[in-house]
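Only one structure is covered here, and it is reproduced in the block below.
The values are calculated or read from the model by the stated rules, or taken from the named source; none is laboratory data. Owing to the predicted nature of the structure, the values given are computational and were not obtained by experimental measurement. Glycine also receives a Cβ, built like all others from the backbone with ideal geometry; neighbour counts cover every protein chain displayed.
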Amino acid sequence: MVLHAGMAVSGLIMVLFLLAHMYGNLKIFEGRQAFDGYSAFLRVVGEPLLPRSGALWIVRVVLLLSVFVHIYAAFTLWHRSRAATRGKGAWRYESAKNRRGVQRSYSSFTMRWGGILIGLFVIYHILNLTADYIAPGGASSSPYQRMINSFSIWWVVLSYVVALIALGFHLRHGVWSAFASLGANTSVARRRVLNGAATVVAALIVVGFLIPPLVIWVGWVR
């Protein structure tokens with residue numbers, strides 16, 4: 001129960017971060033000055049009570065802890081499931097009518113591998129657009145210009161599209177599962193609401209993150 005709750009809470013924290021991050025990304029439509037200004041603003045939030053970038057580092061630490069809790073809970077629960085079913089996994093659902101033993105949606109079936117893909121993508125994303133260590137389109141001190149440089153390259157955009165599709169499936173099942181783990185899935189009616197909410201949240205985040213790369217790639221934002 002504790003592991004399920006920890007996985008749920010850590011996942012919801014990351015969802016809230018994604019929504020805030022998506023909001024910041026969409027400022028690309030306001031131009032270089034607004035986008036870079038927002039990036040600079042994030043580094044001075046909380047001053048003078050906090051040192052420069054203090055609030056940003058608090059968010060980063062909370063996110064990092066959430067990631068560790070999420071991964072630990074996911075691996076532990078998966079390991080326990082494997083041990084309880086003697087390594088059969090999904091085949092434990094096998095029946096006369098269901099020879100393959102699978103009673104899960106596509107999104108739930110791909111949670112583990114999708115999570116690994118998302119993790120690798122996040123590492124690349126940080127090295128690319130945050131740290132500027134990987135700069136296929138050219139390095140820049142301007143966050144706005146880094147976005148333009150990177151998303152002007154087709155294979156960079158394609159990698160983001162693939163990762164965001166994986167994220168969408170992960171969120172679709174993960175948001176529903178999080179609320180269910182926290183006790184919200186108590187009736188058929190609530191299950192419908194949770195399913196609908198999970199779909200909306202997943203679609204909103206995927207579309208919101210896809211818009212900037214695509215509009216830059218087609219040349220609508222320069």
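Things worth noting here:
- Filter result for the condition that a residue is touching a Ser or Thr at 6+ places or on another chain (Cβ under 6 Å), in a helix (DSSP H, G or I) and hydrophobic (A, V, I, L, M, F, W, C), over V156, V206: V156
- Extreme residue, modelled with the lowest pLDDT, among residues of segment 76-91 that are in a helix (DSSP H, G or I) and touching a Lys or Arg at 6+ places or on another chain (Cβ under 9 Å): W91
- Selection over segment 209-222 of residues that are at negative phi and either outside any helix (DSSP H, G or I) or in contact with a His (Cβ under 9 Å, 6 or more places away or on another chain) (or both) gives a count of 5.
- Subset of segment 4-58 (residues that are in a helix (DSSP H, G or I), of a type in the set (D, E, K, R) and surrounded by fewer than 14 Cβ atoms within 10 Å (Cβ to Cβ)): E30
- Yes/no for S152 being in contact with a helix residue (DSSP H, G or I) (Cβ under 9 Å, 6 or more places away or on another chain) and in contact (Cβ under 8 Å) with a residue 12 or more places away in the chain: yes
- Scanning segment 161-194 for residues being surrounded by fewer than 20 Cβ atoms within 10 Å (Cβ to Cβ), of a type in the set (D, E, K, R) and either at pLDDT 90 or above or not in a helix (DSSP H, G or I) (or both) gives a total of 1.
- Any chance G137 is over 22 Å from A8 (Cα atoms), at pLDDT below 90, in contact with a helix residue (DSSP H, G or I) (Cβ under 7 Å, 6 or more places away or on another chain) and not in a helix (DSSP H, G or I): no
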